[in-house]
1. Within region 186-218, work out how many residues are touching a helix residue (DSSP H, G or I) at 6+ places or on another chain (Cβ under 8 Å), part of a helix (DSSP H, G or I) and more than 16 Å from the ligand (Cβ to nearest atom).
2. From the list P169, P88, P176, which one is more than 15 Å from the chain's Cα centre (by Cα) and within 16 Å of the ligand (Cβ to nearest atom)?
3. With over 27 Å from L198 (Cα atoms), touching a residue at least 60 places away in the same chain (Cβ under 8 Å) and either charged (D, E, K, R) or within 16 Å of the ligand (Cβ to nearest atom) (or both) as the only criterion, which of K61, K55 stands out?
4. What's the number of the condition W68 fails, among (1) within 16 Å of the ligand (Cβ to nearest atom); (2) more than 15 Å from the chain's Cα centre (by Cα); (3) aromatic (F, W, Y)?
5. Tell me, which residue of region 59-74 that is surrounded by 14 or more Cβ atoms within 10 Å (Cβ to Cβ) and of a type outside the set (V, I, T) is farthest from I250 (Cα to Cα)?
6. Could you count how many residues in region 50-78 are assigned to a helix (DSSP H, G or I) and out of contact with any strand residue (DSSP E or B) (no Cβ under 7 Å at 6 or more places or on another chain)?
7. Being buried (at least 20 other Cβ atoms within 10 Å of the Cβ) and under 19 Å from W133 (Cα atoms) is the filter here; which residues of region 191-205 pass it?
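The values are calculated or read from the model by the stated rules, or taken from the named source; none is laboratory data. Treat the numbers as computed from the prediction; the structure is a model and nothing was measured. Please note: Cβ atoms are built from the backbone with ideal geometry, for glycine as well, and neighbour counts cover all protein chains shown.
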Amino acid sequence: MWFIVLFAILVISILLSLRYPWWRKSKSGLRVLCYHKVGIPPKPYMKDLWVSPEKFRKQVKYLIDNGWNTITFSELNEIYKEKKQELPEKTVLITFDDGYQNNYEYAYPILKELGAKGNIFLVWNTLGKANTWHNPASEPWINMCTIEQIKEMLESGVMDFGGHTLNHPHLTKIDPEAARTEITESKKKTEEALGRSLCAFAYPYGDGAYSEAMRKNVFDAGYIFDFSFKEGITAWPWEREKNPIDRLYIKGTDDITDFALHLKKGNARII
Ligand SMILES: [Zn+2]
């Protein structure tokens, strides 16, 4: 009998250690949280991409209570330019991909209220419209931020903005010249509308993040930082010529322990 109990304890311990991999090595470097939609998912199978406002508030509160300093792309640029070797301890970027209106409705007021900062990667041609690059059968179209909302968030100092192309294509699967235009033109148009320069770019689907030619397009356009879709903490000082900046993908199903593990280890659940 005792053998069965011991065996059960062993199995539960293994499962728990895979679910919450506490044993991974802690890492140092730049942490970049990656969110998409903040709100209640319209369909249950979308629960990973949608983080509820309650959960988001809890996560931002965790950052503040644990001494994390949330910064903007522009602030990261200052650190990168002026003090290349030093990244203040506990520096984190909160980023949102695509520019959904729910970022304005839910995330922005929470960040503002708790005294934190965030950053949104915009898909220029979809602003004020919908996420038309998705197949509405699998991913319903929802509203994207309008230029007025973006300006309001920018002026508040709470949100900063980066580029995420014109139409959200798979950059390596379209004509190279079209890919270049997607990167360059979206930067130019957003900068004209906002009256300030953009320093950060994220590859839609992470596609192109490890292509030398695509990264060259991004840097030729004048971007300083490029962000991948790969899980991880980026060693600092950042070796820009080698790799893009990794991110920590926060899922709607993550609990606060997953969130803490992401920050500490650069990764969370295995199962
Ligand atoms: Zn995207």
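1. The total comes to 5.
2. Numbers: P88 fails: within 16 Å of the ligand (Cβ to nearest atom); P176 fails: within 16 Å of the ligand (Cβ to nearest atom).
None of the others qualify; the one that does is P169.
3. Values: K61 fails: touching a residue at least 60 places away in the same chain (Cβ under 8 Å).
Unique residue meeting the criteria: K55.
4. Exception for W68: condition (1).
5. Once the filter is applied, the top-ranked residue is S74.
6. 13
7. The answer is F201, A202, Y203, P204.
For (1) among the aromatic types (F, W, Y); (2) modelled with pLDDT of 90 or more, each residue gets a yes or a no:
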position: I224; (1), (2): no, yes
position: W236; (1), (2): yes, yes
position: D246; (1), (2): no, yes
position: I250; (1), (2): no, yes
position: D254; (1), (2): no, yes
position: F259; (1), (2): yes, yes
position: N267; (1), (2): no, no
position: I270; (1), (2): no, no
